[in-house]
1. Of the conditions (1) part of a strand (DSSP E or B); (2) of a type in the set (Val, Ile, Thr); (3) more than 24 Å from the chain's Cα centre (by Cα), Val138 clears all except one; give me its number.
2. Does Tyr44 count as modelled with pLDDT of 85 or more, within 25 Å of Arg141 (Cβ to Cβ) and of a type outside the set (A, V, I, L, M)?
3. From the residues in the stretch 42-63 that are assigned to a loop (DSSP other than H, G, I, E, B) and without any contact (Cβ under 8 Å) to a residue 40 or more places away in the chain, which one is nearest to Thr10 (Cα to Cα)?
4. For Gly82, indicate whether it is small (Gly, Ala, Ser), touching a residue at least 24 places away in the same chain (Cβ under 8 Å) and assigned to a loop (DSSP other than H, G, I, E, B).
5. For residues that are within 19 Å of Thr173 (Cα to Cα) and of a type in the set (Gly, Ala, Ser), scanning just the stretch 199-246, find the one that is surrounded by the most Cβ atoms within 10 Å (Cβ to Cβ).
6. In the stretch 93-112, how many are under 21 Å from Trp241 (Cα atoms) and either free of Cβ contacts under 8 Å to residues at least 40 places away in the same chain or surrounded by fewer than 15 Cβ atoms within 10 Å (Cβ to Cβ) (or both)?
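The values are calculated or read from the model by the stated rules, or taken from the named source; none is laboratory data. Since the structure is predicted, the reported quantities are computational estimates derived from the model, not experimental observations. We place every Cβ from the backbone using ideal geometry, glycine too, and count neighbours over all the protein chains shown.
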Amino acid sequence: TQAVSDGRPTYDFISLSKELAPPGLLHNNKTTLPFYFRNVEKEYESYRGRNVNVRYFVRVLVERKFFPSIQKEHDVMVQIIGVEPRVNNPIKMEVGIEECLHIEFEYEKKHYHLRDVIIGKINFLLVRIRIKHMELAVIRRETSGEGVAMTIHGGQSSAVTGASGNITAENQTLIKYEIMDGAPVKGETIPVRLYLKGIPADLTPTYDAGNNRFSVRYFLNLVLVDEEDRRYFKQQEIVLWRKELC
């Protein structure tokens, strides 16, 4: 079951049921009833976020004739091993402010498994403002609401509201490092090495418009702060996948 918190709707994306015993069979204090669900399709991993929960659970329902029914639930945690992408091109981009700042950043690849290492470098091509320090953060963006796929493919990257007014997006900074302290000069290169397994938050694979109701995406956020505490930033999306079970 995919559940959205804060009183918002709950959606079942898979549901299987079996009758384990006919009426009148459960009359002993202890009765064992084996059950088995074969080839259950599990498209998404278990996930617990700020606005979205993805749950898999077994629910037992005992119906009684003259008394209220008895119902119990037991959660099942699901992890899904992904497939390493055949093509994993590096990320390269030049950004800046005209006649003031021009930098080139490069990351080794776009797809990373959950215990991978992000390796890259920042090249300063033009520096005419006094930079105080530079930070690199990993941000998780959770988007929920009906019609999420349209906002993702339409390039929306901040908090959005869909036509029905029920789409919300929330950013969470999972970890932040200061990768440079002091003013850089033209031609200087700052190396980047970030260990994903060192992030204290629970990383999950990227969810791209799951069931068209939610998405979970990850971004590298590069921030430069000048001596007047003005902040210049650039975000770049990365895709996470699970290589092995935890």
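1. Failing condition for Val138: (3).
2. On the way: modelled with pLDDT of 85 or more: yes; within 25 Å of Arg141 (Cβ to Cβ): yes; of a type outside the set (A, V, I, L, M): yes.
Yes.
3. Within the stretch 42-63, the first condition is being assigned to a loop (DSSP other than H, G, I, E, B), and the residues that meet it are 42-46, 49-51, 55, 63.
Subset that is without any contact (Cβ under 8 Å) to a residue 40 or more places away in the chain: 42, 46, 63.
Values: Lys42: 17, Ser46: 15, Glu63: 23 Å.
The residue in question is Ser46.
4. On the way: small (Gly, Ala, Ser): yes; touching a residue at least 24 places away in the same chain (Cβ under 8 Å): yes; assigned to a loop (DSSP other than H, G, I, E, B): yes.
Yes; evaluated as a whole, the condition is true for this residue.
5. It comes out as Ser215.
6. Kept after step one, since they are under 21 Å from Trp241 (Cα atoms), are these residues of the stretch 93-112: 106-112.
If we keep only those that are either free of Cβ contacts under 8 Å to residues at least 40 places away in the same chain or surrounded by fewer than 15 Cβ atoms within 10 Å (Cβ to Cβ) (or both) as well, we get 106, 108-109.
Counting residues in the stretch 93-112 that are under 21 Å from Trp241 (Cα atoms) and either free of Cβ contacts under 8 Å to residues at least 40 places away in the same chain or surrounded by fewer than 15 Cβ atoms within 10 Å (Cβ to Cβ) (or both) gives 3.
Conditions tested, residue by residue: (1) at pLDDT 95 or above; (2) touching an Asp or Glu at 6+ places or on another chain (Cβ under 6 Å); (3) assigned to a strand (DSSP E or B).
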position	(1), (2), (3)
Glu94	no, yes, yes
Leu126	no, no, yes
Gln156	no, no, no
Leu174	yes, no, yes
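Rundown of residues vs (1) in a loop (DSSP other than H, G, I, E, B); (2) modelled with pLDDT of 90 or more; (3) over 24 Å from the mean Cα position of the chain (by Cα), yes/no style:
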{"site": "Lys197", "(1), (2), (3)": "no, yes, no"}
{"site": "Pro200", "(1), (2), (3)": "yes, no, no"}
{"site": "Val216", "(1), (2), (3)": "no, yes, no"}
{"site": "Leu220", "(1), (2), (3)": "no, yes, no"}
{"site": "Asp229", "(1), (2), (3)": "yes, yes, yes"}
{"site": "Val239", "(1), (2), (3)": "no, yes, no"}
